[in-house]
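Report on one structure; see the data block that follows.
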Amino acid sequence: MFGRRIILCLPSIIFAILIFVLSHIPSDFIPPSIFNLQDKFFHALVYFLFGISLLIAFSNVKSKTKVVIYVFLIGSFYGVVDELHQLFVPGRVCDITDWIADSLGIAISLLFREKVQAKVNNIILRKQ
């Protein structure tokens, strides 16, 4: 049982580390935008994937409401921490619109809660 919990949490831990590493890149090393709002699109995309990984982590929680609340609060809170972290990275800024894009990505991931739950049940939890 404990081993399954670790397996379920690994994707979100990996994504949290990936987000931290990407946020730690100084602005001089970030390629220029190709289209308007590219930055916001990528924020939403990365946090959408982070939200999916959080859904996997909480897939063993039976209450749908609790899963939605946990995933949204953890994902949005991590977005705030990520933006604050960027205050200490050369050339990067703390931007509330980035946090809004992060939270939007998390919210969109919640639309896939049932599909993620079904996949996790079929792949990992059915072995119980």
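The values are calculated or read from the model by the stated rules, or taken from the named source; none is laboratory data. Only a predicted model underlies this, so the values are computations on that prediction, with no experimental measurement involved. Note that we place each Cβ from the backbone using ideal geometry, even for glycine, and neighbour counts take in every protein chain shown. All accessible areas refer to the heavy atoms of the entire protein, side chains included, with ligands and DNA or RNA removed. Shrake-Rupley method; radii C 1.70, N 1.55, O 1.52, S 1.80 Å.
Summary table
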item	result
Calculated FRET efficiency for the pair Leu10/Val89, C-beta based, R₀ 22 Å, to 0.05	0.25
Accessible area, probe 1.4 Å, largest first, for residues Asp28, Asp95, Asp39, Asp82	Asp28, Asp39, Asp95, Asp82
Extent along principal axes [Cα atoms of the chain; Å; largest to smallest]	49, 25, 23
Chymotrypsin sites (Phe, Trp or Tyr not before Pro) lying in DSSP loop within the stretch 1-99, provided at most 14 other Cβ fall within 10 Å	Phe35
The chain, helix-only ellipticity at 222 nm - DSSP H runs n ≥ 4, -39,500 (n - 2.57), divided by all residues, nearest 500	-24000 deg cm²/dmol
Protein-only accessible surface order, largest first, of Lys62, Lys119, Lys40 at 1.4 Å	Lys62, Lys119, Lys40
Tally of Lys pairs whose C-alpha atoms are under 16 Å apart, taken over the chain, 8 or more apart or cross-chain	5
Relative contact order %, the chain, counting alpha carbon pairs below 8 Å whose residues are six or more apart	35 percent
In Å, descending, principal axis extents of the Cα set of the stretch 80-128	47, 20, 12
Heavy-atom accessible surface of the chain: percent carbon and sulfur, 1.4 Å	74 percent
Within the stretch 77-119, backbone nitrogen closer than 14 Å to the virtual label 7 Å beyond the Cα of Phe29 toward Cβ	89-92
Label point at Leu37 placed 7 Å out along Cα→Cβ; residues across the stretch 62-104 whose backbone nitrogen lies under 15 Å	97-104
Per-residue HN-Hα couplings for the stretch 12-17 [Karplus 6.51, -1.76, 1.60; θ = phi - 60°; Hz; x = Gly/Pro]	6, 5, 5, 5, 4, 5
